[in-house]
Amino acid sequence: MDLVSFRALLTAAGQEALLEAERRQPREEDFLAHFQVLERTYPRPVAQAALETAILRREATAKFPMAARMYFTREALEQASASEVARYRAERYRSFRFVADLGCSIGGDSLALAAVTGLIGLDLDPLRLALARANLAALDLIQDALFVQADLRQPLPLAGGLALFFDPARRSGGRRVHSTRFYNPPLTRLLDWLPDYPDLGVKISPGVDLEELHPYPAEIEFISLKGELKEAALWFGSLKTATRRATVLPGEHSLTEIPGAALPLRDPGAYLYEPDPAVIRAGLVTTLGMQLEAGQLDAQIAYLTADREMQTPFGRSWQVTDWFPFGLKRLRAYLRQRGVGRVVVKKRGSPLEPDELIRDLRLKGDQEAVIFLTHLRGEPIVIIASLREQSIVKKEEGEKG
């Protein structure tokens, strides 16, 4: 979809074509069949734009509950934050009168920011600016929003002191880039902004090389949603409230660093904890362990163990049945003796592939179990736990961790 066809889509005839496309409930794999029908009634560019929008709206519901009223391009949708993550981040800007969304794209973050403060959206792509403007208008958030076409590699056309949210492009030629040096613009660009715009937040890849972040005096936050690591963010100036933070959504539970946190190494206890990926990525396993009065099996392994279960939103807990040094024959005999015919294999620090192990065990029986392949003080062990996962015991919804 280009800018001309998108503008045509916003006309009365374009909206009629869009309604017809949505009525057909199209999918990407049957695009051609639906397109051939629509182009008999509508101009080809309009039929194509309507069909693309109908398909993307259906796909976007996983990220945007209001997707049925929004407009997308495929690449922009794939890059957009889930609405829960965007809303959480936007709350840091609530005390500001205005925030500039740098690299606003189709307005995924702009929607969340405009709900808490005035907004100025900047992007170089005129189509994405038009999409962002239409999305905010569709959701009645356009009143205090302004969109400006601007090249972020040039001086910002903004008054000094404005709070910024920066979302650099992390793809080149349709492929993801992993180094901050190859973001567009590169992450180093923010060093030029900080003297005039000290209150700055940046969306970055959760897989970022932490060594690349050493030059930046920022809080780094890793965010997971429903147990899946989604994003990382850097916070500068008054937006910075910690050094490292792990946030678990929904519920907005946050864990921050405890300086000098350390844990004892110990044998597996009655419970094994698997920290949330945001906790692991933020390097806060020992902080979580201190909260849980737990120890570690191995200093290099992100499993925690304790003799009693404590409530936490920052991981999953499993009740330990048994453990012993790893050996295939011993493990097979142990499971067969107990009639275990189905296992879930989880691992940290083990070179074994779960599917291969399951095949080699050749189990029969109607019982179930979870097998953890890991290390105890550098030596391979296996931990057996009940298949029923212990509750991810959360505090009351909305309570901060």
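Find all pairs meeting these conditions: Cβ atoms under 7 angstrom apart; at least six residues apart or on different chains; first residue within segment 198-222 and of a type in the set (Phe, Trp, Tyr); second residue part of a strand (DSSP E or B) and buried (at least 21 other Cβ atoms within 10 Å of the Cβ).
As it stands, the answer is Tyr216/Leu234; Phe222/Ala232; Phe222/Ala246, since those pairs meet every condition given.
Does segment 330-341 contain any residue that is touching a residue at least 40 places away in the same chain (Cβ under 8 Å) and part of a loop (DSSP other than H, G, I, E, B)?
No, segment 330-341 contains no residue that is touching a residue at least 40 places away in the same chain (Cβ under 8 Å) and part of a loop (DSSP other than H, G, I, E, B).
Please go through segment 131-174 and give me each residue that is part of a loop (DSSP other than H, G, I, E, B), of a type in the set (A, V, I, L, M, F, W, C) and either buried (at least 17 other Cβ atoms within 10 Å of the Cβ) or free of Cβ contacts under 8 Å to residues at least 60 places away in the same chain (or both), ordered by number.
Leu141, Ile142, Ala150, Leu152, Leu156, Leu158, Ala159, Leu162
In segment 223-240, what residues are touching a residue at least 24 places away in the same chain (Cβ under 8 Å), within 22 Å of Phe96 (Cα to Cα) and not aliphatic (A, V, I, L, M)?
Trp235, Phe236, Gly237, Ser238
Got at least one residue in segment 243-251 being out of contact with any Lys or Arg (no Cβ under 8 Å at 6 or more places or on another chain) and surrounded by fewer than 18 Cβ atoms within 10 Å (Cβ to Cβ)?
Within segment 243-251, one or more residues are out of contact with any Lys or Arg (no Cβ under 8 Å at 6 or more places or on another chain) and surrounded by fewer than 18 Cβ atoms within 10 Å (Cβ to Cβ).
If a residue must be touching a Ser or Thr at 6+ places or on another chain (Cβ under 9 Å) and either over 12 Å from Tyr303 (Cα atoms) or acidic (Asp, Glu) (or both), how many such residues does segment 247-279 contain?
Count: 17.
For segment 232-307, which strands (runs of 3 or more DSSP E) that fit wholly inside it have 2 or more residues that are of a type outside the set (S, T, N, Q) and over 17 Å from Thr374 (Cβ atoms)?
In segment 232-307, the matching strands (runs of 3 or more DSSP E) lie at 244-249, 253-256.
Yes or no: Phe35 crowded, with 19+ Cβ neighbours inside 10 Å and either more than 18 Å from Leu200 (Cα to Cα) or aromatic (Phe, Trp, Tyr) (or both)?
When the stated conditions are applied, Phe35 does not pass them.
Could you tell me whether segment 42-58 includes any residue that is loosely packed, with under 14 Cβ neighbours inside 10 Å, out of contact with any Leu (no Cβ under 9 Å at 6 or more places or on another chain) and hydrophobic (A, V, I, L, M, F, W, C)?
No; the residues of segment 42-58 include none that is loosely packed, with under 14 Cβ neighbours inside 10 Å, out of contact with any Leu (no Cβ under 9 Å at 6 or more places or on another chain) and hydrophobic (A, V, I, L, M, F, W, C).
For Ile358, indicate whether it is surrounded by 19 or more Cβ atoms within 10 Å (Cβ to Cβ), in the same structural domain as Asp307 (by TED's automatic domain parsing), at pLDDT 95 or above and out of contact with any Leu (no Cβ under 7 Å at 6 or more places or on another chain).
When the stated conditions are applied, Ile358 does not pass them.
From the set of residues in segment 175-184 that are part of a loop (DSSP other than H, G, I, E, B) and over 18 Å from Cys104 (Cα atoms), which is modelled with the highest pLDDT?
Within segment 175-184, the match that is modelled with the highest pLDDT is Ser179.
Answer yes or no: is there a residue in segment 53-71 that is in contact (Cβ under 8 Å) with a residue 24 or more places away in the chain, out of contact with any helix residue (DSSP H, G or I) (no Cβ under 6 Å at 6 or more places or on another chain), in the same structural domain as Val148 (by TED's automatic domain parsing) and among the hydrophobic types (A, V, I, L, M, F, W, C).
There is no residue in segment 53-71 that is in contact (Cβ under 8 Å) with a residue 24 or more places away in the chain, out of contact with any helix residue (DSSP H, G or I) (no Cβ under 6 Å at 6 or more places or on another chain), in the same structural domain as Val148 (by TED's automatic domain parsing) and among the hydrophobic types (A, V, I, L, M, F, W, C).
Between a first residue in segment 281-294 that is in contact (Cβ under 8 Å) with a residue 60 or more places away in the chain and a second residue that is β-branched (Val, Ile, Thr), which pairs have beta carbons less than 8 Å apart while being 6 or more apart in sequence or on different chains?
Ala282/Ile220
A quick yes/no check of all residues on (1) of a type in the set (Ser, Thr, Tyr); (2) outside any helix (DSSP H, G or I):
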| site | (1), (2) |
| --- | --- |
| Gln48 | no, no |
| Ile55 | no, no |
| Glu59 | no, no |
| Lys63 | no, yes |
| Leu77 | no, no |
| Tyr88 | yes, no |
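The values are calculated or read from the model by the stated rules, or taken from the named source; none is laboratory data. Note that this is a predicted model, so its numbers are computed, not measured. Methodologically, a virtual Cβ is constructed for each residue, glycine included, from the backbone with ideal geometry; neighbour enumeration extends over all protein chains shown.
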